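The values are calculated or read from the model by the stated rules, or taken from the named source; none is laboratory data. Worth saying up front: this structure is predicted, and the values here are computed from it rather than measured. Methodologically, a virtual Cβ is constructed for each residue, glycine included, from the backbone with ideal geometry; neighbour enumeration extends over all protein chains shown.
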Amino acid sequence: MSIAKGDFIRVSYTGKTADDGHVFDTTDEDVAKANKIYNEKGKYGGDVIIAGSGHTVAGLDEDLMGKDVGYKGSVTIPPEKAFGVRNPELIESIPINRFKDRPQVGMPVEIDGRPGMIIRVIGRMVQVDFNRFLAGQTVIYDYEIKEKLEDNESKVKGLIALYTGKELPVKVNDGELTVELEPEMTYNQRWLMTKRQIAHELIENTDIREVLYLERYNKKILEPKAAGQ
């Protein structure tokens with residue numbers, strides 16, 4: 001059962017830098033805790049991705065192709081197929097008075113909506129690196145292809161979890177998909193930015209023809225919560 005473009009697969013992986021073995025991402029809860037990158041709100045155990053759809057870095061996406069379910073291996077990925085090459089023009093000097101808190105090397109910041117990291121403080125100027133995280137670095141991914149998903153319901157739930165981190169009730173009937181939303185998702189920026197992309201990828205890669213997002217309200221949901229709840 002070789003993996004091909006468009007297949008929905010569940011993959012577990014650990015990403016680390018090639019130079020010093022620093023673990024920066026993993027689907028293994030124990031590895032995340034051991035390397036101090038554990039996220040209480042994160043989901044562990046493996047991600048559902050669509051092979052060849054850019055859900056992971058290009059080098060890993062390419063390496064998945066043609067492998068069989070159950071495959072375990074490792075791939076070393078150069079910067080241009082990982083997080084991009086480093087652009088020295090994206091290192092800028094910012095006046096120290098632009099910062100609310102005292103600037104320190106290694107501190108993540110956001111300047112004019114752009115995320116960056118402080119790499120140097122010289123007098124009244126601060127050098128901020130606006131390159132993408134891990135830009136310019138060769139990385140290694142150890143990974144396992146755990147399963148290939150066949151039924152639409154599993155594909156839908158897996159893709160929604162990948163984009164939102166949530167498990168939502170879904171129903172697939174004769175090419176029509178209904179996803180029941182949580183009320184607070186109406187104001188969730190992550191959901192608002194990805195719901196169209198989720199629908200597009202499902203319609204392109206399954207036999208689902210239409211996607212309906214259902215917002216359900218009732219008296220219990222609309223009742224204001226008591227103070228402290």
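Per-structure values
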| read-out | value |
| --- | --- |
| ASP63 being under 17 Å from ASP142 (Cα atoms), touching a strand residue (DSSP E or B) at 6+ places or on another chain (Cβ under 6 Å) and either part of a strand (DSSP E or B) or polar (S, T, N, Q) (or both) | no |
| Failed item, numbered, when HIS200 is tested on (1) modelled with pLDDT of 95 or more; (2) within 30 Å of SER93 (Cα to Cα); (3) surrounded by fewer than 17 Cβ atoms within 10 Å (Cβ to Cβ) | (2) |
| Filtered residues of segment 208-229 (kept if exposed (fewer than 10 other Cβ atoms within 10 Å of the Cβ) and either modelled with pLDDT of 95 or more or not polar (S, T, N, Q) (or both)) | TYR217, LYS219, LYS220, LEU222, GLU223, PRO224, LYS225, ALA226, ALA227, GLY228 |
| Residues that are of a type outside the set (Val, Ile, Thr) and either part of a helix (DSSP H, G or I) or free of Cβ contacts under 8 Å to residues at least 12 places away in the same chain (or both), drawn from segment 158-170 | GLY158, LEU159, ALA161, LEU162, TYR163, GLU167, PRO169 |
| Where GLY54 falls short, out of the listed (1) exposed (fewer than 15 other Cβ atoms within 10 Å of the Cβ); (2) farther than 30 Å from MET185 by Cα | (2) |
| Residue match in segment 27-41 (condition: at pLDDT 95 or above, outside any loop (DSSP other than H, G, I, E, B) and closer than 17 Å to ILE145 by Cβ) | no |
